[in-house]
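Have a look at the structure below, then the notes.
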Amino acid sequence: MKKLVILCSCLFVLAGLTSCVDEEEFPNTPMGNFEALWKIIDEHYCFLDYKQQEFGMSWQQIHDVYVKHIDNDMSSLQLFEVMGLMLGKLYDGHVNLTAAHDLARYWGWYEGQQTNYSDSLERIYLGTDYRIAAGIRYKILDDNIGYMRYESFTNAVGNGNLTEILNHFMLCRGIIIDIRGNGGGDLTNAEKLAARFTNERTLVGYIQHKTGPGHSDFSEMEPRYLDPAASMRWQKPVCVLTNRHVFSAANEFTMYMKALPNVKIVGDVTGGGSGMPFSSSLPNGWVVRFSAVPMYDANREPTEFGLAPDVYVTMRDIDFQRGKDTIIEVARKLLSK
């Protein structure tokens, strides 16, 4: 079986795993829940050394700052707010604390960034005569460039669907794969699509595993490979369109495609979030979720915080006013050369 397929299966098994803290060590009190949350992150979150290097504050220092705000007489709402603020010091949009009443999240990494996508412009390009194959909408543009829009990898696509799409694009000069705003989903769909664009087994990245509670306790990097599909494969140029809303399995898809010689990533940096997720319950039932297994691209660079495009492009207001999508237009020019 293909190595990447095995990894994908493991991802989905492990993504559903959760752990619980020792209730004898951490009672269901505000202080007990606070200490439990801090320890879970301390022993399992995989970027603490990196965060200290980047932002200059250790996880222990963060504990010492926020523990002063914990009082066993405080309300659940107050406790949730303090815990959310503490997690925010990780500056990681993929760390969440879930309670019945709210979801603590960090959006600072994302705020102030251009969206670099417009659904109104997408409707102009697709028109009303586009085709639909499972979760993919596709069309041949008037310059003989194939355009496919894959909004979410939660929408399953079959091998038969992909073969029909590539057959439709057979005479095109190139293909645009637009995954802007794709928040992820089933990694199998991402791998299945990427496998249509390589003719040989290709190194696409690396993975490490946590081996102990220490911040630097990781295994050696293990290689990850993408194997070519057994069905029809595309031989001509491809542009993949990305923005800051590309997460998780879509971020992984970008990593696969970035490793292929006939592909250019066009647009903005992706949102990241490709580290294997880990969930754990606190004594009061709240759940914290974060990345516990780091992943790297083929150059051994971390993918958790986003992947840079090969060609940076941002949407221009003047193009929008003319009914043009700057990123699509740049990709069309690249494919027309």
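The values are calculated or read from the model by the stated rules, or taken from the named source; none is laboratory data. What you are looking at is a predicted structure, and each value in this text was computed from that prediction instead of being measured. FYI the Cβ positions are ideal-geometry reconstructions off the backbone, even for glycines, and counts take in every protein chain you see. Note: accessible area is taken over every heavy atom of the protein model, side chains too, but ligands, DNA and RNA are not part of it. Shrake-Rupley method; radii C 1.70, N 1.55, O 1.52, S 1.80 Å.
For region 278-291, a residue qualifies if it is surrounded by 21 or more Cβ atoms within 10 Å (Cβ to Cβ) and over 18 Å from P27 (Cβ atoms), and the qualifying residues are F278, F290, S291.
Applying the criterion of being closer than 18 Å to K333 by Cβ and of a type outside the set (A, V, I, L, M) to the residues of region 140-160, the residue that is surrounded by the fewest Cβ atoms within 10 Å (Cβ to Cβ) is D142. Going through region 260-272 one residue at a time, which ones are free of Cβ contacts under 8 Å to residues at least 12 places away in the same chain and open to solvent by less than 40 Å² (accessible area, probe 1.4 Å)? The answer is none; no residue qualifies.
May I ask you to verify whether T163 is part of a loop (DSSP other than H, G, I, E, B) and open to solvent by 10 Å² or more (accessible area, probe 1.4 Å)?
So T163 does not fit the description; no.
Residues of region 227-254 being within 10 Å of the chain's Cα centre (by Cα) and open to solvent by less than 10 Å² (accessible area, probe 1.4 Å), which ones? Please lay out each step first, then the result.
Initial filter on region 227-254 (within 10 Å of the chain's Cα centre (by Cα)): 244-254.
Correct list: V246, A249, A250, N251, E252, F253, T254.
Checked against the criteria, G323 does not count as in contact with a Leu (Cβ under 9 Å, 6 or more places away or on another chain) and open to solvent by less than 10 Å² (accessible area, probe 1.4 Å). Identify all residues within region 292-311 that are of a type in the set (D, E, K, R), open to solvent by 10 Å² or more (accessible area, probe 1.4 Å) and touching a residue at least 60 places away in the same chain (Cβ under 8 Å); write none if there are none. Answer for region 292-311, where residues must be of a type in the set (D, E, K, R), open to solvent by 10 Å² or more (accessible area, probe 1.4 Å) and touching a residue at least 60 places away in the same chain (Cβ under 8 Å): D297, R300.
Quick grid of which residues meet (1) surrounded by fewer than 14 Cβ atoms within 10 Å (Cβ to Cβ); (2) of a type outside the set (S, T, N, Q); (3) on the phi > 0 side of the Ramachandran plot:
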{"position": "Q61", "(1), (2), (3)": "yes, no, no"}
{"position": "K68", "(1), (2), (3)": "yes, yes, no"}
{"position": "M74", "(1), (2), (3)": "no, yes, no"}
{"position": "M83", "(1), (2), (3)": "no, yes, no"}
{"position": "H94", "(1), (2), (3)": "no, yes, no"}
{"position": "A104", "(1), (2), (3)": "no, yes, no"}
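When G275 is tested against the conditions (1) open to solvent by 10 Å² or more (accessible area, probe 1.4 Å); (2) under 28 Å from C239 (Cβ atoms); (3) at pLDDT below 90, the lone failure is (1).
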